[in-house]
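Quick notes on the structure that follows.
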Amino acid sequence: MLSLQSPAPDDADELLAFETRNRGFFERNINARAASFYSEAGVGQAIADAMRDAESGSAFQYLVRDTLGTLVGRVNLNRVRRAHFHGAELEGRWYDLLHFELRA
């Protein structure tokens, strides 16, 4: 079973390792992030931005964790609409190749 968790400052080291480990795969499929993202400061800023977006209700980022609590992916919901039918767009989803290749 998988669970979703909002990113918090305590997740920075684990998230940096996840992003760095999967960087090559991610960048073959989406626009590359700035090199400065792949640092403690860069990931810390990304977490702070995600928390600010969630607080304002404009976007929500989640860490995907397995039953052991291991970070195995990320999911982003953007373009959040509150009027009428409430909705958001699934704009990004990334999974840790190492985690899923070992279990395939």
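Just a few scattered comments:
- Residues that are in contact with a Lys or Arg (Cβ under 8 Å, 6 or more places away or on another chain), modelled with pLDDT of 90 or more, at negative phi and surrounded by 15 or more Cβ atoms within 10 Å (Cβ to Cβ) occur in region 46-61; there is at least one.
- Across region 69-97, the qualifying residues are those that are open to solvent by 90 Å² or more (accessible area, probe 1.4 Å) and either in contact with a Leu (Cβ under 9 Å, 6 or more places away or on another chain) or not in a strand (DSSP E or B) (or both), and the one among them that is modelled with the lowest pLDDT is LEU90.
- Qualifying residue in region 20-33 (condition: surrounded by fewer than 15 Cβ atoms within 10 Å (Cβ to Cβ), aromatic (Phe, Trp, Tyr) and not in a loop (DSSP other than H, G, I, E, B)): yes
- A Cβ distance below 9 Å, combined with a sequence gap of six or more or placement on separate chains, defines the contacts here; from region 4-16, residues that are surrounded by 12 or more Cβ atoms within 10 Å (Cβ to Cβ) reach residues that are in a loop (DSSP other than H, G, I, E, B) and not small (Gly, Ala, Ser) in the pairs GLU14/THR70; LEU15/PRO7; LEU16/TYR38.
- So PHE25, is it farther than 20 Å from LEU4 by Cα, in contact with a helix residue (DSSP H, G or I) (Cβ under 8 Å, 6 or more places away or on another chain), hydrophobic (A, V, I, L, M, F, W, C) and touching a residue at least 60 places away in the same chain (Cβ under 8 Å): yes
The values are calculated or read from the model by the stated rules, or taken from the named source; none is laboratory data. As the structure is a computational prediction, the values presented were derived from the model and not from experiment. Cβ coordinates were reconstructed from backbone atoms using ideal geometry, including for glycine residues, and neighbour counts include every protein chain displayed. These accessible areas exclude ligands, DNA and RNA; they are computed on the full protein's heavy atoms, side chains included. Shrake-Rupley method; radii C 1.70, N 1.55, O 1.52, S 1.80 Å.
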